[in-house]
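The values are calculated or read from the model by the stated rules, or taken from the named source; none is laboratory data. Here the structure is a predicted model, which is why all the values come from computation and not from measurement. Cβ sites come from the backbone with ideal geometry, for glycine too, and all protein chains shown count toward neighbours. Ligands, DNA and RNA are excluded from the accessible area calculation, which covers all protein heavy atoms including side chains. Shrake-Rupley method; radii C 1.70, N 1.55, O 1.52, S 1.80 Å.
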Amino acid sequence: AVSLRKTAREDQVMKRRLRSSQREQSEDRENNSFNGNFSGGAKTTVSDLPRLVAGIRSHDSKQKFGCCQAIRKMLSVEKNPPIQPVLDSGAATDLLNFLSPNENAQLQFEAAWALTNIASGSSKQTSALVSMGAIPRFVSLLGNQSADVREQSVWALGNIAGDSPAHRDTVLKTPGAIKGLMNLIGPNSGVQTLRNCAWAMSNLCRGKPAPNFEYIKPMMAPLKMLLTHTDSEVITDTCWAFSYVSDDSTHDNRKIRAVINSGVIPKLISLLDHENTSIKTPALRTVGNIVTGDDRQTETVLSSNALPALKALLNSSKKSIRKETCWTISNITAGVKSQIEQVVRAGIVPPLIDMMGRAEFDVKKEAAWAIANAISGGDDKQTKYLLEQSIIQPFCDLLTCHDPKIVMLCLDTLAKILEFGKGQSSFFNDGMNKCADVVEECGGLDKIEELQRHDNEEVYEKAVDIIRNYFETEEEEDEDVTLQPNFNENSTQFSFGAATSATSGFNF
């Protein structure tokens, strides 16, 4: 069976910046503890940076805290935060020093918040923090007594891990990082902590090249726990984490096997029916990745009653969901005959064929792959069923598309159908190939003949091969003889004899 190439992943947010409005509870801390020029709600600008930097280097604890808080507020604005000016001022070094274990928890929190927002900037700006030793500093705070400081440290590590595979790997290799994150996940953990952990762990699992699975493997158990949570943000990021892990290119599919062994397949399939599309999308991606594995791994998904859920998703109003669902089904129909049979019995073939005829092109081609794989790997009974569902017409219609790969897919599939018709007596009409009749009636023959002039050599050769093997008649083979000019001895003129009509009913 033809194995479908994997589609490009939808973008998930890799970095997040915490704005002031997102932590209303922190306003309780923004009291009159600092009464300088930068206190309370006073708005500061970049021009104030020199005074703020001098303030955070002061020996006065109130002034130090107030100026640190003012810098954090500058970095928390919604648009164009002054990340680079803050870095250029040298303040980041002081902020990192405030993360020391013996510092006041409120100062640690304000500094961690400011540094988190710096880490949400460009890759160059994130790299600047990493080079200053930010990662081990944040890892050391994962066990801090303050829940706010712990949450902020997780957020910062998530931003750094989401910046690049190199920084992701640095976080993974930092002693205590994974264990520290896992220790924060438990039945008594606050929802914001769990949100931050799920998102940070998803960033640690993502990226190309993929992270070393030995670092990721310990996360399977806590990720399973997070998947059972009721919070939609926690579930969404956990599903994305599983989707990254299950995107498996190893020769033995060990990452897919680890996801299956974690016991999350039934839960993921139940989430395919979730009302929230942001949850449905990564859950579907994970299920689709798992059925790219071997036949036994695909069977694990099927035995968890995935097909009814997939059939329902074919009616989704969201194009990306329909496309992803067709891609998932195509990987199932690329399996063994018993798995193709399950797709047939689930009633999924008719809506797939309908999509080939009326859906957007990028959905059409995924549906075409699903049917083409079934034709390629199915038995005679399954092929006959598919033909009875009128699959020839949509494959003929797609011959005129501008994607040479899809044109080749359609030609290959039509060739298999024509070969089936040639060998099955039940599809014969007076000794002729009934499938060839239908291809011609659908306008397929004209399109295939036109493809003999296609720019793509592979397409051209396949079209010529199909014409030669399934549509040439004896009359055409004798065409040169029939059209030879005859010499009339009585008139000294040449005349062309008319070709006799084809007894087969074809007249090309």
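Some observations on this one:
- Computed over protein heavy atoms with a 1.4 Å probe, the accessible surface of segment 117-208 works out to 35 Å² per residue.
- Distance between the C-alpha centres of segment 290-310 and segment 76-151: 44 Å, rounded to the whole angstrom.
- Rounded to 0.05, the FRET efficiency of the K43 and E275 pair, given R0 = 45 Å and the Cβ-Cβ distance, is 0.65.
- Förster radius 60 Å - calculated FRET efficiency between K217 and E472 (Cβ-Cβ, nearest 0.05): 0.55
- Whether segment 91-197 is rounded, prolate or oblate, judged on the alpha carbon gyration tensor where a/c under 1.5 counts as rounded: oblate
- Violating pairs (Cα-Cα greater than 24 angstrom) within the set K267/K405; K434/K462; K280/K405; K280/K323; K173/K255; K43/K64: K267/K405; K280/K405
- Taking each residue as 0.36 nm, the span from Y460 to T93 lengthens on full extension beyond its C-alpha to C-alpha distance by 125.7 nm.
- The overall shape of segment 189-344, judged from the alpha-carbon gyration tensor, is oblate: a/c is not under 1.5, and a/b is no greater than b/c.
- Pair S317, S122: separation of 7 Å Cα→Cβ label points (nm): 4.1 nm
- S100 paired with K405, simple spin-label distance in nm, labels 7 Å along Cα-to-beta-carbon: 5.6 nm
- Pairwise label distance in nanometres, R57 with D380, each label 7 Å out on the Cα-Cβ vector: 8.8 nm
- Residue order for E440, E450, E78 - accessible surface, 1.4 angstrom probe, largest first: E78, E450, E440
- Extension gain for E78 to D362 (0.36 nm times residue separation, less C-alpha to C-alpha distance): 98.7 nm.
- Global form of segment 298-385, assessed from the alpha-carbon gyration tensor, a/c cut-off 1.5: oblate
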